[in-house]
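Below is one structure, written out as C-alpha cells; the observations come after it.
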Amino acid sequence: MTKGVTQGYVGSLNDRIGHLQWFIVGGALLYALGTALIPLAGSVPELVEPTTVSGLGRQMTVGSAWLWLFGCYVVVSVGDSLRIPASMSMFVREGESYDSVAGGISLRSVSWQVGAAVGPLAVGAVRDLLSYVAAFWLAATLVVLSGVVFTLLYARGAALPSGAPGES
C-alpha cells in the first residue's frame, strides 16, 4: 500500500530533481531503520495498549506489536519507494551510455536474486547462533554498509560512466 501511494510520486521527483544517489542512500537508510526497529515489537505491548478498530458494524482488537510491525513495514516501504525508482533510473542511464540497457537491468536482477537467497540464509544462521535481535540488527547494519559502499563507488565515478545523462 505504501509503495503504491509513494513510488510514482518519488519517481517523478527523481526525474525532476536528479541526484539519484541521495534517493538511493536515503532509501537504504530508511530500510535499515525499519529493519532495526522490528525486534523492538516484543517490548511494545509493555508500553502501548492494544487498539480497538471499529467499522461496518464490527469491532476488532489489534495488538500493539502488530501495529509496531505495520509501522516498521511502512518505514521499509517508504525506503523502497525512495530507492527503487532511483536505482532503476541509474541502471537505465548506465545501460544507455554503454548501449546495453537490457544487459544492465539483467545484471541488476541477478545481483538481487543472489542477495534474496543468501541474505535470509545468513540472517537465519545468525538468529540460530546468536539471537533474533542480532539477526535483524546485522541485516540493518549490512544495508547501511551497502549504502556506504555505494556512496564511495559513486563518489569515485564507478556508478555512472563519465558524462552519463543525469549525472549530478
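The values are calculated or read from the model by the stated rules, or taken from the named source; none is laboratory data. Predicted model, so just to flag it, every value in this text is computed and none were measured. For neighbour counting, all protein chains shown are included, and Cβ atoms are generated from backbone atoms with ideal geometry for every residue, glycine included. Areas reflect the complete protein model, heavy atoms only, side chains present, ligands, DNA and RNA absent. Shrake-Rupley method; radii C 1.70, N 1.55, O 1.52, S 1.80 Å.
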TODO: First check a/c for the stretch 1-93, with a ≥ b ≥ c the square roots of the eigenvalues of its C-alpha gyration tensor; if it is under 1.5, answer rounded, and if not, answer prolate when a/b is larger than b/c or oblate otherwise.
DONE: oblate
Task: Between helix 64-97 and the chain: long-axis angle, C-alpha atoms, 0 to 90°, nearest 10 - done: 10
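Suppose all protein chains stay in the model; what accessible area per residue would a 1.4 Å probe give for the chain, in Å²? Write out the running numbers ahead of the final one.
On the way: 10350 Å² over 168 residues.
Per-residue value: 62 Å².
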Task: Relative contact order %, the chain, counting alpha carbon pairs below 8 Å whose residues are six or more apart - done: 33
TODO: Calculate for the chain the 222 nm mean residue ellipticity that helices alone would give, adding -39,500 (n - 2.57) per DSSP H run of length 4 or more and normalising by residue count, nearest 500 deg cm²/dmol.
DONE: -26000 deg cm²/dmol
- [ ] Any chance you could get the radius of gyration and Dmax over the Cα atoms of the chain, in Å?
- [x] 19.0, 62
Task: In degrees, nearest ten, helix 101-129 long axis to first principal axis of the chain (Cα) - done: 40
- [ ] Sort 24-37, 69-82, 46-59 for me by packing, meaning the mean count of neighbouring Cβ atoms within 10 Å per residue, highest on top.
- [x] 24-37, 69-82, 46-59
Open item on the list: Can you give me the angle between helix 132-155 and the longest principal axis of the chain, using Cα atoms only, in degrees from 0 to 90, rounded to the nearest 10?
Closed with: 20
